[in-house]
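Written out below as structure tokens is the structure these notes cover.
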Amino acid sequence: MSTDASMRAADTRAEARALSAAATTAGHAPSIHNTQPWRWRLSSNELDLYLDHSRALDVTDPDSRLAILSCGAALHHALVSLAAAGWHAILARMPDPAHPDHLAQLRLDHRIPVTPAAMRHLQTVGLRHTDRRPTASTPIDTDKLRAVVAAVESTGAGLHLLQPAQVYDLASAADQAQRAEAEDLAWQAELTYWTGGTRPLGSGIPDTTIPAQPTQTTVPSRDFGHHGDLPVSDAHENAAVFAILYGQQDGEADWLRAGEALSAAWLTATELGLSVLPLSATIEVMVTRERMRSLLAGLGRPHLVLRFTTGDPAGTAAPHTPRLPADQVIERF
């Protein structure tokens, strides 16, 4: 084999390794009920992202808005991995209108310098997790909030920080949404499946991450229908900041970008010592989603509500949720 051919073969192998690592890293992304509703198709120079309906929530998320948002978070995680490996990727969102489940395509373009920020983001992927416990936190520094907002805006989405008076409107809407869902037997069955012993191995929400008792919160936290094993103090989230993640439109491409924004916000917040809790109940129910839209006062369409607090409760991190094996979410060609 000639020197040029050997170099091309080595480059091809390097690209394949970078794309494989990106798809694996993407598996750490947050998702609704930890369903991990993504599927990757990997070739030597291309990585394609698809929505996997077998892990969708037909009752909770009939339009797949939260599933696609989850896939957007996985997409951003993949981009973080590629940047930390020194690759610039060309990204095409919704590349095939005839196949709406084909959400994105990544193709490596050229090598780029690896920055400390890129490496820090990749390290943070392994640290990021969901902690449902409230904490009696100190007020969040304004500069940290500005940094999180900037991270969201860098992805083409927006983050509206709620004023204290608006938080009570959010709390009322969250209560309304959860009462509506709790009255739906099909919704109860779906929630039980993903938070019980029958959930697919490596996915769902285990009892180790569900609070062992009701939490003291201004905005009602998710009622999973049973208590878990996660110890909870009697602290109240009195210094929490609530925000609405939004976009200009309300279609599949916008939900995908919202997921990218969620990942960017969460990684940035984690690096700044902030804890993030997504609150999706008000988005799941149409009438309360419209209430969230009114809180935006014309800024855009609501995609997710986030709670920010400072630090881990009691100084201890909550367990991470499980992850599906890579070979279940990555197809190699």
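The values are calculated or read from the model by the stated rules, or taken from the named source; none is laboratory data. What you are looking at is a predicted structure, and each value in this text was computed from that prediction instead of being measured. Using ideal geometry, Cβ is built from the backbone for each residue, glycine included, and neighbour counts are taken over all protein chains shown.
What about Ala150, is it assigned to a helix (DSSP H, G or I) and farther than 22 Å from Ala235 by Cα? Full working, then the answer.
Details: assigned to a helix (DSSP H, G or I): yes; farther than 22 Å from Ala235 by Cα: yes.
Taking the combined requirement at face value, the residue satisfies it.
Do any helices (runs of 4 or more DSSP H) lying entirely in region 267-333 carry at least 1 residues that are out of contact with any helix residue (DSSP H, G or I) (no Cβ under 7 Å at 6 or more places or on another chain) and outside the structural domain of Val241 (by TED's automatic domain parsing), and which ones are they? Give the derivation first.
Numbers: elements: 281-284, 286-296, 326-329.
Once the helices (runs of 4 or more DSSP H) in region 267-333 are filtered for at least 1 residues that are out of contact with any helix residue (DSSP H, G or I) (no Cβ under 7 Å at 6 or more places or on another chain) and outside the structural domain of Val241 (by TED's automatic domain parsing), what remains is 326-329.
Name the single residue that is modelled with the lowest pLDDT among those in region 40-56 being crowded, with 23+ Cβ neighbours inside 10 Å and out of contact with any His (no Cβ under 8 Å at 6 or more places or on another chain). Write out each step before concluding.
Of the residues in region 40-56, the ones crowded, with 23+ Cβ neighbours inside 10 Å are 40, 47, 49, 55.
When the remaining residues are screened for being out of contact with any His (no Cβ under 8 Å at 6 or more places or on another chain), the result is 40, 47, 55.
Details: Trp40: 98, Leu47: 97, Arg55: 93.
Looking at the filtered set, the residue picked out is Arg55.
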Which one of Leu245, Leu267 is out of contact with any strand residue (DSSP E or B) (no Cβ under 9 Å at 6 or more places or on another chain) and modelled with pLDDT of 90 or more?
-> Leu267
Given the conditions (1) in a helix (DSSP H, G or I); (2) surrounded by fewer than 19 Cβ atoms within 10 Å (Cβ to Cβ); (3) in contact with a strand residue (DSSP E or B) (Cβ under 8 Å, 6 or more places away or on another chain), which single one is not true for Ala174?
-> (2)
Answer yes or no as to whether Val59 is under 24 Å from Val305 (Cβ atoms), outside the structural domain of Phe224 (by TED's automatic domain parsing) and surrounded by fewer than 19 Cβ atoms within 10 Å (Cβ to Cβ).
-> yes
Output the number of the condition that Gly158 fails; it satisfies all remaining conditions of (1) surrounded by 16 or more Cβ atoms within 10 Å (Cβ to Cβ); (2) small (Gly, Ala, Ser); (3) closer than 21 Å to Ala239 by Cβ.
-> (3)
Across region 101-151, which residue is nearest to Trp266 (Cα to Cα) among those that are under 23 Å from the mean Cα position of the chain (by Cα) and basic (Lys, Arg)?
-> Arg128
